[in-house]
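Please treat every number below as a calculation from the coordinates, not as lab data. Note that the structure is a prediction, hence the values are computed from the model and not measured. Cβ placement follows ideal geometry from the backbone for every residue including glycine, while neighbour counts extend to all protein chains displayed.
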Amino acid sequence: MVLTFTGSLSVYEAGREDVRTMLVGALGCNLAWGLIDAVFYLMGSLAEKSRELSTFRAVREAADPEHAQRLIAEALPVVGSGLEPNELEAMRRRLKQFPEPPRRARLGKDDWRGGLGVFLLVFLSTFPVTIPFIVMRDAVRAMRVSNAIAVVLLFTAGYAFGRLTGRRPVWVGAAMVVFGSILVGLTIALGG
């Protein structure tokens, strides 16, 4: 997102006012996307809770125990496929003993904290790319430093993703830099 703004700046012709306008646009865009992503996160959380509540009700209300067991197994795709029918039946009986569920799903503190976390992640992860334009007077040097920061952030995100997914972190980090560079090139080519 920030690269769309920094890439639109002609650093060789830009004056201080142009840089300031670009910064306001970039930070405003990041703020807006942080809010949008946080709202989508909250909507996803609510949808997931609603689906779980619906499944819980369907299991409790199922007249056929085998149907209820299938619902439980489908709700636990990885774990459910390894459970025996008697284990699924024990779960069904246990769920029937639970108190009546609420009518509607609600967002809890963890959901709101998660939404705030998403907002901060989106906003703060793109903020470092704007810092050179804030602290440096020379727009050309600021652009180069900004691009270097973006490359380091891409590599770091790829490295962390590689570790998280059990892949080779260095390779995933390098692939993220290449993929990110291609996307930036496409963005610039398409007028972004």
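What to note about this one:
- Enumeration of residues in segment 145-178 that are out of contact with any Phe, Trp or Tyr (no Cβ under 7 Å at 6 or more places or on another chain) and of a type in the set (S, T, N, Q): N147, T156, T165
- Pairs where the first residue, in segment 138-152, is over 15 Å from G185 (Cα atoms) and the second is aliphatic (A, V, I, L, M), C-beta under 6 Å, 6+ apart: A139/V11; A139/A14; A139/V19; V140/V11; A142/M136; M143/V11; S146/V129; I149/V129
- All conditions in (1) more than 27 Å from F40 (Cα to Cα); (2) surrounded by 13 or more Cβ atoms within 10 Å (Cβ to Cβ); (3) in contact with a Lys or Arg (Cβ under 8 Å, 6 or more places away or on another chain) hold for L107, with the sole exception of (1).
- Screening I131 against (1) within 30 Å of G158 (Cβ to Cβ); (2) touching a residue at least 40 places away in the same chain (Cβ under 8 Å) leaves a single unmet condition, (2).
- So F123, is it surrounded by 15 or more Cβ atoms within 10 Å (Cβ to Cβ), among the aromatic types (F, W, Y), touching an Asp or Glu at 6+ places or on another chain (Cβ under 8 Å) and over 30 Å from A58 (Cβ atoms): no
- Counting only helices (runs of 4 or more DSSP H) that fall entirely inside segment 51-155 and contain at least 1 residues that are under 25 Å from S181 (Cβ atoms), the qualifying elements are 109-126, 131-135.
- Residues in segment 169-190 that are touching a Ser or Thr at 6+ places or on another chain (Cβ under 8 Å) and surrounded by fewer than 16 Cβ atoms within 10 Å (Cβ to Cβ): 1 in all.
- Residues satisfying the stated conditions in segment 33-65, i.e. over 20 Å from the mean Cα position of the chain (by Cα), surrounded by 13 or more Cβ atoms within 10 Å (Cβ to Cβ) and of a type in the set (A, V, I, L, M, F, W, C): L53, F56, A58, V59, A62
- Verdict on L71 being of a type in the set (A, V, I, L, M, F, W, C), surrounded by 13 or more Cβ atoms within 10 Å (Cβ to Cβ), within 30 Å of the chain's Cα centre (by Cα) and closer than 30 Å to P128 by Cα: no
- A142 being in contact with a Phe, Trp or Tyr (Cβ under 6 Å, 6 or more places away or on another chain) and either surrounded by 13 or more Cβ atoms within 10 Å (Cβ to Cβ) or of a type in the set (A, V, I, L, M) (or both): yes
- Tabulated pairs, segment 51-65, first more than 14 Å from R93 (Cβ to Cβ), second of a type in the set (G, A, S), C-beta under 8 angstrom, 6+ apart or interchain: E52/A75; E52/A105; L53/A105; T55/A75; A58/A68
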